[in-house]
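Student: A single structure is presented below for examination.
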Amino acid sequence: MAENSRSISAKRIVIWLAVAAGLAGAGYGAWHTGKVIAVASSFYAKTLCSSLFVSGMEAEAAVSEDVLADMRVGLRHWDATVDRERGIVEASLFGLGGQKALYRPGLGCTLVLDTTVETLQMQASGYEVPVPSRQPNALWPEGERVDAPATPVEYDAGKLKAAIDDAFSEPKPERALRRTHAVVVVHKGRIVAERYAQGITPDMARPGWSMGKSIMGALVGILVKDDKLQPDTNDLFPEWRGEGDQRKSITVENLLRMTSGLDFDAPHARMLSDVRTMLFLKGDSAAYAKSESLVDPVGSTFFYASGSTTLLASAMRDVVPGGQAAYFSFPRKALFEPLGMESAVLEPDAAGTFLAPAFAYASARDWARLGLFYLADGVWQGKRLLPRGWVGKQRTATQQSGGEYGAHLWVRIPAFLRPSFANDYRLPDDGFYMLGHDGQMVAMFPSQDLVVVRLGLSRRRNAWDHEEFLYQVLEAFR
């Protein structure tokens, strides 16, 4: 990685052309090859940008960990340049197929797609960058001071320590690294145990990926409480209002429960899947999601898709008064500030819509605050922020999901996130979860008054087992 400079050698261009020709010869067309390169360049630029400017990681660690971990073969020929003064990161394959990401304070990093850096800077005009207000010396969750009990009497400290030690171990370093970055355990509203990997700090914002869907679930609940949206609100977008267009019958509830019937293909199934195209190639993610046609009758089938959350983020934009600046401020003012989640950032796309299904950042302690908020039924320090019964609604399983998914919350660890060697399911029936790519998790167990956060970078399926880790933690509280 070079900072503020770039060189493109003739030799590298020749190599790139050879790679492209080889791919085309193997059955890939030039168009497909170019799109794949663009996705990879966007991933590199956006991930590095957020690691540097949102997480505050050192440059070498950001590249080796967040970008290249388990992806060195695929991305080893990519280069990146960083302009720290302007907050711009560019990535390309041998100087070609480049993509660019821009950092804006309070808004994180946005890919510069179908727009310019100057336009994005203007887009953020009027947006007030958040000012820290939490009292650091106050006891968590009001502040950052953690006083774990010296002699715990309500749980087995030895078992809890063993569970956390195991989470940070690497039993299969040659095949699948766990790369656990943070674990926070909250019992009866207080942190009783936490641990961080080298280079990760308690206040460092880390990617939650699809855990951002649960942030959106809470924001929709706030809008329902404020009578800006309702679960049965339909006729959501002008693009769906043509004569005979059945998409106008899609409701907020359908989007929350992933039962819209829209033709989103399987997430992460291939390099140019809908989710990758939406996140890394489209400047207007909502327009892309709105363009999907119906493949099933509305409400008839379940399909887990980030496009549903993007559509909710767009619907939120339509009902939050005050224009773009007010929309950018809404998650912070409505949710993050009341909970003291000062590290939390939702990153928007180039059109100004929050990419909440994937680009959500917060520290492990702030993810724990969100989990505690859900555990408290949407009440924080005596004030109700979510409608009464909203969390219960989110925790109620969607029938079409086979009992695994609620309304932007998981009610069971799904099969596709369980390792191939998983045992019989052993977690309590009352558990519910925020789950994200690469092994991110916030687990909530009302019967144990327990919140468990795990952040990491487990990119191979069998590297991490949410269920086994949680079972070990729960054994300490039985």
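The values are calculated or read from the model by the stated rules, or taken from the named source; none is laboratory data. Everything numeric in this text was worked out from a predicted model, so none of it was measured. Every residue, glycine as well, gets a Cβ built from its backbone with ideal geometry; the counts of neighbours run over all protein chains shown. Surface areas here come from the heavy atoms of the whole protein model, side chains and all, with no ligands, DNA or RNA. Shrake-Rupley method; radii C 1.70, N 1.55, O 1.52, S 1.80 Å.
Student: Scan the range 283-299 and tell me whether some residue there is closer than 14 Å to K213 by Cα, in contact (Cβ under 8 Å) with a residue 40 or more places away in the chain and either among the hydroxyl-bearing types (S, T, Y) or open to solvent by 50 Å² or more (accessible area, probe 1.4 Å) (or both).
Tutor: Step one: filter the range 283-299 for residues closer than 14 Å to K213 by Cα, giving none.
Looking for residues that are closer than 14 Å to K213 by Cα, in contact (Cβ under 8 Å) with a residue 40 or more places away in the chain and either among the hydroxyl-bearing types (S, T, Y) or open to solvent by 50 Å² or more (accessible area, probe 1.4 Å) (or both), one finds none in the range 283-299, hence no.
Student: Listed residues Q399, Q440; which is of a type outside the set (S, T, Y) and touching a helix residue (DSSP H, G or I) at 6+ places or on another chain (Cβ under 9 Å)? So that I can check it myself, show each step before the final result.
Tutor: Values: Q399 fails: touching a helix residue (DSSP H, G or I) at 6+ places or on another chain (Cβ under 9 Å).
Only one candidate passes the filter, namely Q440.
Student: In the range 195-210, is there at least one residue being assigned to a strand (DSSP E or B), more than 18 Å from the chain's Cα centre (by Cα) and aromatic (F, W, Y)? Walk me through how you get there before you give the answer.
Tutor: Going residue by residue through the range 195-210, those that are assigned to a strand (DSSP E or B) are 195-196, 206-207.
Now restrict to residues that are more than 18 Å from the chain's Cα centre (by Cα): 195-196.
Filter again for aromatic (F, W, Y), leaving 196.
Checked against the condition, which is being assigned to a strand (DSSP E or B), more than 18 Å from the chain's Cα centre (by Cα) and aromatic (F, W, Y), the range 195-210 yields at least one hit.
Student: Can I ask one more? Hey, could you check the range 132-151 for residues that are among the small types (G, A, S) and at pLDDT 80 or above and say which is nearest to R365 (Cα to Cα)?
Tutor: So in the range 132-151, the residues among the small types (G, A, S) come out as 133, 138, 143, 148, 150.
Within this subset, residues satisfying the condition of being at pLDDT 80 or above are 138, 143.
On the way: A138: 14, G143: 10 Å.
Only one residue tops the list, namely G143.
Student: Suppose we filter the range 290-344 for residues that are not in a helix (DSSP H, G or I) and not hydroxyl-bearing (S, T, Y); how many remain?
Tutor: Going through the range 290-344, the residues not in a helix (DSSP H, G or I) turn out to be 291-305, 320-322, 340-344.
Those left that are additionally not hydroxyl-bearing (S, T, Y): 292, 294-299, 302-303, 305, 320-322, 340-342, 344.
The qualifying residues number 17.
Student: Against the condition within 30 Å of A176 (Cβ to Cβ) and in contact with a Ser or Thr (Cβ under 6 Å, 6 or more places away or on another chain), how does M57 come out, does it pass? It would help to see each step written out before you state the result.
Tutor: Numbers: within 30 Å of A176 (Cβ to Cβ): yes; in contact with a Ser or Thr (Cβ under 6 Å, 6 or more places away or on another chain): yes.
Here the answer is yes, as M57 does meet what is asked.
Student: In the range 170-182, is there at least one residue being surrounded by 23 or more Cβ atoms within 10 Å (Cβ to Cβ) and closer than 20 Å to L375 by Cβ?
Tutor: Initially, the range 170-182 is screened for residues surrounded by 23 or more Cβ atoms within 10 Å (Cβ to Cβ), giving 178, 180-182.
Cutting the leftovers down to closer than 20 Å to L375 by Cβ gives us 182.
Looking for residues that are surrounded by 23 or more Cβ atoms within 10 Å (Cβ to Cβ) and closer than 20 Å to L375 by Cβ, one finds at least one in the range 170-182, hence yes.
Student: Just a yes or no: is a residue in the range 452-466 among the polar types (S, T, N, Q), free of Cβ contacts under 8 Å to residues at least 24 places away in the same chain and open to solvent by 10 Å² or more (accessible area, probe 1.4 Å)?
Tutor: Here is the first cut: in the range 452-466, the residues among the polar types (S, T, N, Q) are 458, 462.
Narrowing further to those that are free of Cβ contacts under 8 Å to residues at least 24 places away in the same chain: none.
Checked against the condition, which is being among the polar types (S, T, N, Q), free of Cβ contacts under 8 Å to residues at least 24 places away in the same chain and open to solvent by 10 Å² or more (accessible area, probe 1.4 Å), the range 452-466 yields no hits at all.
Student: Next up: Select, from V185, V153, V192, V220, the only residue that is in a helix (DSSP H, G or I) and β-branched (V, I, T). Outline the logic, then answer.
Tutor: Working: V185 fails: in a helix (DSSP H, G or I); V153 fails: in a helix (DSSP H, G or I); V192 fails: in a helix (DSSP H, G or I).
Just one listed residue meets the conditions, V220.
Student: Another question about this same structure. Within the range 251-282, take every residue that is within 28 Å of V224 (Cα to Cα) and without any contact (Cβ under 8 Å) to a residue 60 or more places away in the chain and give me the one that is surrounded by the most Cβ atoms within 10 Å (Cβ to Cβ). Quick ask: steps written out before the conclusion?
Tutor: Keep residues of the range 251-282 that are within 28 Å of V224 (Cα to Cα), which gives 251-264, 275, 278-279.
Narrowing further to those that are without any contact (Cβ under 8 Å) to a residue 60 or more places away in the chain: 251, 254, 260-264, 278.
Numbers: T251: 20, N254: 21, S260: 29, G261: 22, L262: 25, D263: 15, F264: 22, M278: 26.
By that ranking, first place goes to S260.
Student: Out of the residues in the range 76-92 meeting the condition of being outside any strand (DSSP E or B) and farther than 15 Å from S51 by Cβ, tell me which one is least open to solvent (accessible area, probe 1.4 Å).
Tutor: Looking only at the range 76-92, we keep the residues that are outside any strand (DSSP E or B), and these are 76-77, 84-87.
This time we only want the ones that are farther than 15 Å from S51 by Cβ, so: 76-77, 85-86.
Details: R76: 144, H77: 71, E85: 175, R86: 123 Å².
It comes out as H77.
Student: Among the residues of the range 93-131, what is the count of those that are open to solvent by less than 30 Å² (accessible area, probe 1.4 Å), in a strand (DSSP E or B) and at pLDDT below 95?
Tutor: 1
Student: Test D232 against the criterion of being acidic (D, E), under 19 Å from A334 (Cβ atoms) and modelled with pLDDT of 95 or more, and give yes or no. Please lay out each step first, then the result.
Tutor: Numbers: acidic (D, E): yes; under 19 Å from A334 (Cβ atoms): no; modelled with pLDDT of 95 or more: yes.
For D232, the condition - acidic (D, E), under 19 Å from A334 (Cβ atoms) and modelled with pLDDT of 95 or more - is not met.
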